[in-house]
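Peer 1: What follows is a single structure, and I will ask about it in a moment.
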Amino acid sequence: MPLIAIVLTVLVALLHVYFLVLEMFLWTRPLGMKVFRNTPEKAETTKVLAANQGLYNGFLAAGLLWAVYAGKTDVALFFLGCVVVAALYGAYSVSKRIFYVQGVPALAAIAAVVLG
């Protein structure tokens, strides 16, 4: 995998580690509520769902980091594709902003992997 593909894929993985931390540990804290535009009441009632969502983000990050470590472009493309699908669904169901934060970096990484 070319260096730019590695860098972009690791960046996407680190974004998902950040999402994991926000959703699993900071959901009901001021930063988590600010990022996700939640009220304290809504954050409290949805914290178990958010933690589950954070765990899935961790799996995406782990898969991406494993793909980079093992040099497996097919695995990287699979997990990057999963990120794009998640971003599309998030844009459809929650906010278009999700596509720009999550999907655009994944698409850039996919392009770098494919063109490399």
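The values are calculated or read from the model by the stated rules, or taken from the named source; none is laboratory data. Owing to the predicted nature of the structure, the values given are computational and were not obtained by experimental measurement. Counting neighbours? That spans all protein chains shown, and the Cβs are built from the backbone with ideal geometry, glycine included.
Peer 1: Answer yes if at least one residue in the stretch 11-32 is at pLDDT below 95 and at positive phi, and no otherwise.
Peer 2: Within the stretch 11-32, none of the residues are at pLDDT below 95 and at positive phi.
Peer 1: Tell me which residues, restricted to the stretch 105-116, are aliphatic (A, V, I, L, M) and exposed (fewer than 13 other Cβ atoms within 10 Å of the Cβ).
Peer 2: So in the stretch 105-116, the residues aliphatic (A, V, I, L, M) come out as 106-115.
Residues satisfying the conditions are V114, L115.
Peer 1: Let me ask another. Do any helices (runs of 4 or more DSSP H) lying entirely in the stretch 22-99 carry at least 1 residues that are in contact (Cβ under 8 Å) with a residue 24 or more places away in the chain and of a type in the set (V, I, T), and which ones are they?
Peer 2: Working: elements: 30-35, 40-70, 73-93.
Here the list reads 40-70, 73-93.
Peer 1: Same structure, new question: Within the stretch 67-98, which residues are under 18 Å from A50 (Cα atoms), crowded, with 19+ Cβ neighbours inside 10 Å and not small (G, A, S)?
Peer 2: Passing the criteria: only V83.
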